[in-house]
């Protein structure tokens with residue numbers, strides 16, 4: 001019996017190419033399955049696939065009314081963009097120079113309200129003295145005449161006592177006038193402080209308003225441009241969702257070839273083992289026959 005050669009191993013390169021072709025075919029099928037053509041009341045979506053390159057192209061078509069709205073919107077946007085472009089020169093002029101804060105009303109100054117207090121005290125005391133001086137001069141003269149008519153002269157106990165009482169009364173009157181002037185000065189200082197505080201707050205509020213107005217003026221043109229450019233656009237039609245197709249597993253051609261080769265090789269080995277056993281039996285019979293022949 002002739003000896004047979006073992007089976008040839010599979011052509012893995014050819015199997016790999018076959019597996020790659022199968023994978024590409026399945027991928028292309030999955031791509032097609034995941035790109036359905038869709039139609040809605042607002043428009044439609046259509047896919048075109050290139051079988052050679054695998055490139056997919058999507059074309060979305062609006063319904064006639066939506067298309068007219070989009071055309072009109074784009075025309076208006078183009079006009080507004082042109083208008084906005086002409087305003088950029090104004091923006092450059094507005095922002096050419098930094099804000100000059102010295103042009104605005106100064107912050108309020110409380111000033112020295114004690115000056116008004118001192119002036120009020122002096123004025124109040126001066127008014128009181130302008131009345132007290134002639135009155136007490138007259139009273140002192142009258143007391144002197146009265147005492148002299150009574151035969152009393154300076155140095156007499158009764159004269160000096162009466163004159164001292166009159167002097168104390170005069171001093172008390174001037175002291176009261178001084179106290180009244182202090183109270184008047186205090187009231188005037190409180191009034192001055194309140195007035196100056198109100199003026200300071202008014203000045204500060206006015207300054208802030210002037211600054212805010214200036215900054216608003218500097219950004220007004222920018223706001224106009226933004227308003228021109230922020231018009232709403234017609235949106236693309238919304239297509240309904242769908243469940244995408246999953247790609248099935250690629251056939252394992254290399255594994256199948258290897259398993260087929262292994263099976264053929266196992267079968268070959270089994271046959272070879274059987275032949276070896278057959279050859280061994282024949283050899284044993286031949287040896288036994290030769291021994292029997294020699295013993296005759």
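The values are calculated or read from the model by the stated rules, or taken from the named source; none is laboratory data. Predicted model, so just to flag it, every value in this text is computed and none were measured. Glycine also receives a Cβ, built like all others from the backbone with ideal geometry; neighbour counts cover every protein chain displayed.
Here are the numbers:
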| read-out | value |
| --- | --- |
| Test: residue in the stretch 169-187 that is under 25 Å from residue 115 (Cβ atoms), surrounded by fewer than 12 Cβ atoms within 10 Å (Cβ to Cβ) and modelled with pLDDT under 85 | no |
| Qualifying residue in the stretch 117-129 (condition: part of a helix (DSSP H, G or I), closer than 30 Å to residue 104 by Cα, out of contact with any strand residue (DSSP E or B) (no Cβ under 6 Å at 6 or more places or on another chain) and without any contact (Cβ under 8 Å) to a residue 24 or more places away in the chain) | no |
| Flag if residue 90 is touching a helix residue (DSSP H, G or I) at 6+ places or on another chain (Cβ under 6 Å), assigned to a helix (DSSP H, G or I) and under 30 Å from residue 221 (Cα atoms) | yes |
| The stretch 17-44 residues that are touching a residue at least 12 places away in the same chain (Cβ under 8 Å), paired with ones that are part of a helix (DSSP H, G or I) (beta carbon under 9 Å, 6 or more apart) | 18/253; 18/254; 19/253; 19/254; 22/253; 42/66; 43/66; 43/67 |
| Residue that is modelled with pLDDT under 90, on the phi > 0 side of the Ramachandran plot and in contact with a helix residue (DSSP H, G or I) (Cβ under 7 Å, 6 or more places away or on another chain), where the choices are 106, 155, 151, 111 | 111 |
| Options 41, 36: the member that is surrounded by 13 or more Cβ atoms within 10 Å (Cβ to Cβ) and either at pLDDT 70 or above or under 30 Å from residue 215 (Cβ atoms) (or both) | 36 |
| Per-region count, the stretch 188-220, residues modelled with pLDDT under 75 and surrounded by fewer than 12 Cβ atoms within 10 Å (Cβ to Cβ) | 1 |
| Enumeration of residues in the stretch 221-236 that are exposed (fewer than 14 other Cβ atoms within 10 Å of the Cβ) and either modelled with pLDDT of 75 or more or within 21 Å of residue 83 (Cα to Cα) (or both) | 223, 226, 227, 229, 230, 231, 232, 233 |
